[in-house]
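Undergrad: Okay, handing you the structure first.
The values are calculated or read from the model by the stated rules, or taken from the named source; none is laboratory data. Nothing here was measured: the structure is a model prediction, and the numbers come from that model. Here the Cβ positions follow ideal geometry from the backbone for every residue, glycine too, while neighbour counts run over all protein chains shown. Just so you know, the surface numbers come from the protein's heavy atoms only, side chains and all, with ligands and any DNA or RNA stripped out. Shrake-Rupley method; radii C 1.70, N 1.55, O 1.52, S 1.80 Å.
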Amino acid sequence: MAIPALTDEQKLEMSAGIRRILPKIAAALKLDEPTTARLLGLASSDYQAWLSGSWELGSEQIERTSLILGIYKALHELLPNHAANRWLHRPNTTYRGAQPIEHLRQCKLEDLYAMRRYLEAEIQTPFS
């Protein structure tokens, strides 16, 4: 399910667009910078360099961003804004009573995919 191979020019364009939107999404989801960096698979220093425009995202970080945006979108389809933005930080039986964000902080790409699939399935049959 990886994104198709991107040219350097496409990565540059996508990185610039992501730089504009991701901090807003992270703020809405109440993700601090270290957590956002981890979700992207980056060290905090690389995340800061990217935010400042002195470093560009690679294909994996673009893929991770796509998943984060998909999670955000799915949450907002399922829940009112205030609940959607808090969902990652509330205990959840799907994650054995843990906060979903704790599961994502493991930084595994497959965890982002699993959460996105879970939420998209819930859109088809809302939280039971």
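Undergrad: So which residues in the stretch 22-35 are open to solvent by less than 30 Å² (accessible area, probe 1.4 Å), not in a loop (DSSP other than H, G, I, E, B) and not hydroxyl-bearing (S, T, Y)?
TA: L22, I25, A26, A28
Undergrad: Right, here's the next one. What do you reckon, is E77 open to solvent by 80 Å² or more (accessible area, probe 1.4 Å), part of a helix (DSSP H, G or I) and closer than 21 Å to P4 by Cβ?
TA: Answer is no for this residue.
Undergrad: Give the residue, chosen from R116, R86, R38, R105, that is open to solvent by 20 Å² or more (accessible area, probe 1.4 Å), at pLDDT below 90, under 17 Å from the mean Cα position of the chain (by Cα) and not hydroxyl-bearing (S, T, Y).
TA: Result of the check over R116, R86, R38, R105: R105.
Undergrad: Taking the conditions exactly as written (among the hydrophobic types (A, V, I, L, M, F, W, C), open to solvent by less than 30 Å² (accessible area, probe 1.4 Å) and within 17 Å of the chain's Cα centre (by Cα)), does L57 satisfy them or not?
TA: Criteria met by L57.
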